[in-house]
Amino acid sequence: MSPDYVAPGSVRSAAALNEQIRALWLRANGSLSTQEREEYELLVVKWAAAIRGEVIEAA
């Protein structure tokens, strides 16, 4: 399976979301503001959903 695989119903792949999370941490130099923390938490929830979708689809 390609790392850029997008599970049905998801807007972005887990790999794309992971890249966004990494970029956020790099921009923040490892210390998130309140707004950045909210963005991070939302991205992590979306990433977890994308991972579940990819695992279910692979099965």
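The values are calculated or read from the model by the stated rules, or taken from the named source; none is laboratory data. Remember, it's a predicted structure, so these values are computed and weren't measured experimentally. Note that each Cβ is placed from the backbone with ideal geometry, even for glycine, and that neighbours are counted across all protein chains shown. All accessible areas refer to the heavy atoms of the entire protein, side chains included, with ligands and DNA or RNA removed. Shrake-Rupley method; radii C 1.70, N 1.55, O 1.52, S 1.80 Å.
Consider Leu32 carefully, then state whether it is at pLDDT 95 or above, out of contact with any Lys or Arg (no Cβ under 8 Å at 6 or more places or on another chain), surrounded by 12 or more Cβ atoms within 10 Å (Cβ to Cβ) and not in a helix (DSSP H, G or I).
Details: at pLDDT 95 or above: yes; out of contact with any Lys or Arg (no Cβ under 8 Å at 6 or more places or on another chain): yes; surrounded by 12 or more Cβ atoms within 10 Å (Cβ to Cβ): yes; not in a helix (DSSP H, G or I): yes.
The answer is yes for Leu32.
For Ala50, state whether it is modelled with pLDDT of 80 or more, open to solvent by less than 80 Å² (accessible area, probe 1.4 Å) and not basic (Lys, Arg). Steps first, answer last, please.
Numbers: modelled with pLDDT of 80 or more: yes; open to solvent by less than 80 Å² (accessible area, probe 1.4 Å): yes; not basic (Lys, Arg): yes.
Answer is yes for this residue.
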